[in-house]
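Below: the structure, in structure tokens.
The values are calculated or read from the model by the stated rules, or taken from the named source; none is laboratory data. All of these numbers come straight from a predicted model, not from anything done at the bench. In this analysis, Cβ positions are derived from the backbone assuming ideal geometry, glycine residues included, and neighbour counts consider all displayed protein chains. Side chains are part of the model used for accessible areas, which takes the heavy atoms of the whole protein and leaves out ligands, DNA and RNA. Shrake-Rupley method; radii C 1.70, N 1.55, O 1.52, S 1.80 Å.
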Amino acid sequence: MKRIEAVNDFVVKFANVNGSGSASANELFAKSFLRMGIPVSPRNIFPSNIQGLPTWYEVRVTEAGWLGRRGGVDLMVAMNPQTWDKDVREIDPGGYLFYDNTKPLPQSKFREDIHVVGMPLTEISNATYTDARERQLFKNIIYVGALAALLGIEPGVIAELIGEQYKGKEKLLKPNLNAFQMGYHYAEETLKDAIGLKAQRAYEVGDRIFIDGNAAAGLGMVYGGATVCAWYPITPSSSVAEAFQRYCARLRVDKESGQNRFAIVQAEDELASIGMVVGAGWNGARAFTATSGPGVSLMTEFIGLAYFAEIPVTIIDVQRGGPSTGMPTRTQQSDVIACAYASHGDTKHVLLFPEDPRECFEHAAAALDLADRLQTPVFVMTDLDIGMNQRLARPFTWDDARRYDRGKVMTEAELEAGKEFGRYLDVDGDGIPFRTYPGTHPTKGGFFTRGTTKDRYARYSEEGPVYVDNVQRLLRKFETAKSLVPQPVLRACGRKTRFGVIYYGSTSPAMDEAYGALEAAGIAVDTLRICAFPFNDAVSDFIAEHEQVFVVEQNRDAQLRTLLMNELNVDPAKLMPVLHYDGTPITARFITAEISERVRVLNVEPLKKGKAA
Amino acid sequence: MTFIAKPRLHHPTLKQNRIGYTRRDYEGKVSTLCAGCGHDSISAALIQAFWELDIEPHKVAKLSGIGCSSKTPDYFLGNSHGFNTVHGRMPSVLTGANLANRDLIYIGVSGDGDSASIGLGQFAHVMRRGVDMAYILENNGVYGLTKGQFSATADAGSRSKRGVENTDSAVDTVGLALLMGASYVARGFSGDKEQLVPLLKAAIAHPGAAFVDVISPCVAFNNHSGSTKSYDYVREHNEAVSRLDFWPSRDAITVSYEEGAVIEVPQHDGSILKLRKLDGAYDPTDKIAALNAIARAAADGEVLTGLLYVDPSADDLHAHLSTVKVPFNRLGEQELCPGSAMLDRINASLR
């Protein structure tokens, strides 16, 4: 029988029961590779449930550093009887099944083409512990110990991690170490060389950090100067506000008074969250909310008001599977159009597309600057894959010379000196007017903010020309945004090719890997990673320079492609959608297969004869 | 409504308040509401209240929702910033604005459609949070701007101008505000300025969530017989529990009232509410008694007005969140950004 043999390049999947304490054990497993200098990319696959339903944790061990999901499973750690059959089916031929053999299972429960490694986890745990909860929790640590022995993870590395986790909690430290040793020794003695997957010390992690995108976004909001956070709990975005709270408690408490330089309000719903952000933004504080698709739907009326009344607003949209309640715990990039054109009437909004936690941090801070500069809503379009999974990323950086861009705010001194103030007056030709904070001056600079039509001096008006003047200026402002938002990232293959690939956000790691695979298969493509909407000229140029452009997205309706067609007037035939939308993160295998197949078809088309890829 | 522009010049003999402003300095644009609208009387009462309180007009932020009432912030305090938000959502915008700058005074103006129907949720939650504001509900029991539909505060059994009977029970806004945790609850009548101005003054000065429900007849759609929000009906059925005098903290003025008829309620910020009780048994610091009195009056078909409840030890959302004294909108990088050295330490903890 075939036996998968691999060093520092394999996928381990854990099948667990939600709420059984497996999450921290599995994280310990994943981190142990990092400490050995081997990059990993773990992913939670979890149900919309707190306890009892199946949950999976997939760890891709990848010395080459591919952080996307690979697809396929080399070793399944099957700890959940509920999903046993499905889990066993998922193992690649020649792969391994690690399971708890305390209770014997009939032969029909296994497969002929995989290697089965049994270990009496429950028996060992029950023999050592009497408390039911301890039996469960330590069983998890015991299997981590066994896997360490089976895969060649250095035990010292895990001991170090356990030590860090239970620092100052001696009562927990020792029993965890013991459980780990128990599993390690059992496997070392009785399961020698049972698995052909091996970890070997490498030097590929470098100074990279390991963090989830939501925590990074929360930290970015602290660095970017957000003082007001109003939110309503919704998966998968809740941990953004929670991270903001955690970091603020550490970094934003005035040492002398013990008082907070932040306010976090868990609102009654998303309508109130965005309302509070609008109110705070109107009054000159940096404010944000974090939500997901259903929340954005609820917020759209306010988003239109903020667009039309020109109020800075920052929204982090951690996208999940839609529509409706959809797939709350699965990932998608399916809010692109909903956010780009959110609200009734003619509206369009600035969107940022971070690719990883590092960019969640950067884009969060950048969004606050952009919202103030442009006096408009700005969306940070992350998703569950980036937001709720820990990911290796370049360390965060901050330039201490950087100043917050508070945009055009007229001061009391300027008003006093007689500078002309018209709230909606385009003084610089960039479509961006000056604003004043409430309370600035006793007699000058006051104005009435409204969602109805107004003239350049904020006076109510229902005159057609006045309305047109205002909305045309808003278009000029959107034009200005093009040069302020993060620019797209080009990867030119260095050869003449008629194929281009456009992608964005969490598709990045899978695309990076697919790029190499396509190249190896002799398919040359240039790629452009879109980092923001509105699109600037670099995007139109890229499309113009290629005969066919694949637009890789994680939604059914090719939403970014629609946006490209609509905003750049591109011939739809030129943009070929490559779509992955089953709720799992897109893989390099998928992209490579899709693009290879289409290139093959395009190359045999009579019209394209004579042109090689 | 009138189309005559207001003259800008003030008569030199106009009386000034302690900070040198005349009442005219507290006015706004000419109202576009119907002649005789109760809402205009409320705007006038607000102008009077702010003038008497010696508050600089630009230190006030006016927020409203959508509807006839919500248009009124344009008609008073013309030099203040105002924000006409979206229907029923003024409370959340006011909350955010208040968090951004705790130094301003916040006035929320809403109507019965805005607060009791579409905005009932936000109305309840802004009271729960204790946002420091004066929330004024201009209550006429009818949708004026869309021409005469019943609102959720219309009493069951009352009739619309077209003779249709309302069969839904009414939302009791003062009772709800009390239950939700408002720390100052009053009800006035737009036709009784003498009672209304002190109620508004005390609400403005109250350091917490202050709610004033003002019955304000709609002359166009809800001032006929069969309405329970008409001028005639309210005048006939008004039962005032108290007459209020409000003294800001700097005035240690004592006025002699009849023994037993006056109670002094010192507030958290040092200001004093003086209450001349018309109903001898009424104690406005007793929340349960207040709820009882409101329910009893409603059962009797009476409109209870006056100061219904005040919590003298009230505090607000900033106190609950323990925020710094400096307004957030004045904090910069120095106070907000932890800097690169700290970021390096955070990076180190993530390896």
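General observations
- Sub-6 Å Cβ pairs linking a first residue in segment A:389-417 that is at the interface with chain B (Cβ under 8 Å from one of its Cβ atoms) to a second residue that is part of a loop (DSSP other than H, G, I, E, B) and not aromatic (Phe, Trp, Tyr), at least 6 apart or interchain, are A:PRO395/A:ASP207; A:TYR404/A:GLY225, ordered by first then second residue.
- Any hit, segment B:72-92, residues being within 7 Å of chain A (Cβ to nearest Cβ), crowded, with 24+ Cβ neighbours inside 10 Å and under 16 Å from B:HIS125 (Cα atoms): yes
- Among (1) at pLDDT below 80; (2) over 22 Å from the mean Cα position of the chain (by Cα); (3) of a type outside the set (A, V, I, L, M, F, W, C), the one test that B:GLU236 misses: (1)
- Taken over segment A:313-368, the criterion of being in contact with a Lys or Arg (Cβ under 8 Å, 6 or more places away or on another chain), of a type in the set (Val, Ile, Thr) and surrounded by 24 or more Cβ atoms within 10 Å (Cβ to Cβ) is satisfied by A:THR314, A:THR331.
- On the stretch given as segment A:179-201, residues that are more than 35 Å from the chain's Cα centre (by Cα), surrounded by fewer than 22 Cβ atoms within 10 Å (Cβ to Cβ) and modelled with pLDDT of 95 or more total 9.
- Residue list for segment A:43-69, restricted to those being assigned to a strand (DSSP E or B) and either surrounded by fewer than 21 Cβ atoms within 10 Å (Cβ to Cβ) or within 18 Å of the chain's Cα centre (by Cα) (or both): A:ARG43, A:ASN44, A:ILE45, A:PRO54, A:TYR57, A:GLU58, A:VAL59, A:ARG60, A:ARG69
Per-residue answers, yes or no, for (1) buried (at least 24 other Cβ atoms within 10 Å of the Cβ); (2) outside any strand (DSSP E or B); (3) touching a Ser or Thr at 6+ places or on another chain (Cβ under 8 Å); (4) in contact (Cβ under 8 Å) with a residue 24 or more places away in the chain:
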| residue | (1), (2), (3), (4) |
| --- | --- |
| B:PRO207 | no, yes, no, yes |
| B:VAL212 | yes, no, no, yes |
| B:LYS229 | yes, yes, yes, yes |
| B:GLU236 | no, yes, no, no |
| B:ARG243 | no, no, no, yes |
| B:PHE246 | yes, no, yes, yes |
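- Criterion applied to A:SER596, A:SER540, A:SER506 was being closer than 27 Å to A:PHE379 by Cβ and surrounded by fewer than 23 Cβ atoms within 10 Å (Cβ to Cβ), and the one residue passing it is A:SER540.
- Filter pass, B:LEU200 being open to solvent by 10 Å² or more (accessible area, probe 1.4 Å) and modelled with pLDDT of 95 or more: no
- Test: residue in segment B:99-114 that is under 17 Å from A:TRP282 (Cα atoms), at the interface with chain A (Cβ under 7 Å from one of its Cβ atoms), in contact (Cβ under 8 Å) with a residue 60 or more places away in the chain and not in a loop (DSSP other than H, G, I, E, B): yes
Matching residues to (1) away from chain B (no Cβ under 11 Å); (2) farther than 23 Å from A:THR331 by Cβ; (3) open to solvent by 10 Å² or more (accessible area, probe 1.4 Å):
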{"position": "A:GLY224", "(1), (2), (3)": "no, yes, no"}
{"position": "A:CYS229", "(1), (2), (3)": "no, yes, no"}
{"position": "A:THR235", "(1), (2), (3)": "yes, no, yes"}
{"position": "A:SER239", "(1), (2), (3)": "yes, no, yes"}
{"position": "A:ALA243", "(1), (2), (3)": "yes, no, no"}
{"position": "A:SER257", "(1), (2), (3)": "no, yes, yes"}
{"position": "A:ALA267", "(1), (2), (3)": "no, yes, no"}
{"position": "A:SER273", "(1), (2), (3)": "no, no, no"}
{"position": "A:GLY284", "(1), (2), (3)": "no, yes, no"}
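- When residues of segment A:327-377 are limited to those that are of a type in the set (D, E, K, R) and touching a strand residue (DSSP E or B) at 6+ places or on another chain (Cβ under 6 Å), the one nearest to A:THR562 (Cα to Cα): A:ASP335
- Residue check, A:TYR515 modelled with pLDDT under 95 and either crowded, with 17+ Cβ neighbours inside 10 Å or hydroxyl-bearing (Ser, Thr, Tyr) (or both): no
- Any chance A:ALA520 is small (Gly, Ala, Ser), touching a residue at least 12 places away in the same chain (Cβ under 8 Å), at negative phi and open to solvent by 40 Å² or more (accessible area, probe 1.4 Å): no
- Residue match in segment A:101-108 (condition: in a strand (DSSP E or B) and either open to solvent by 20 Å² or more (accessible area, probe 1.4 Å) or of a type in the set (Lys, Arg) (or both)): no
- Residues that are part of a loop (DSSP other than H, G, I, E, B), touching a residue at least 60 places away in the same chain (Cβ under 8 Å) and away from chain B (no Cβ under 13 Å), drawn from segment A:426-471: A:PRO433
- A:ALA202 satisfies every condition listed in (1) touching a Phe, Trp or Tyr at 6+ places or on another chain (Cβ under 8 Å); (2) within 25 Å of A:ALA393 (Cβ to Cβ); (3) away from chain B (no Cβ under 14 Å) except (1).
- Selection within segment B:178-218 - touching a Phe, Trp or Tyr at 6+ places or on another chain (Cβ under 6 Å) and charged (D, E, K, R): B:LYS201
- Segment B:123-156 - residue that is within 14 Å of chain A (Cβ to nearest Cβ) and more than 15 Å from the chain's Cα centre (by Cα) and, of those, least open to solvent (accessible area, probe 1.4 Å): B:ARG129
- The residues in segment B:38-56 that are more than 14 Å from chain A (Cβ to nearest Cβ), over 19 Å from B:LYS71 (Cβ atoms) and either open to solvent by 20 Å² or more (accessible area, probe 1.4 Å) or part of a helix (DSSP H, G or I) (or both) can be counted, and the count is 4.
- The lone exception for B:ALA134 - which of (1) assigned to a loop (DSSP other than H, G, I, E, B); (2) touching a residue at least 60 places away in the same chain (Cβ under 8 Å) it fails: (1)
- The listed residue being at negative phi and within 14 Å of another protein chain (Cβ to nearest Cβ), out of A:ALA290, A:ALA309: A:ALA309
- Test: residue in segment B:29-50 that is modelled with pLDDT under 95 and of a type in the set (Lys, Arg): yes
- Among the residues of segment A:365-374, not a single one is assigned by TED's automatic domain parsing to the domain that holds A:CYS339, under 21 Å from A:LEU475 (Cα atoms) and assigned to a loop (DSSP other than H, G, I, E, B).
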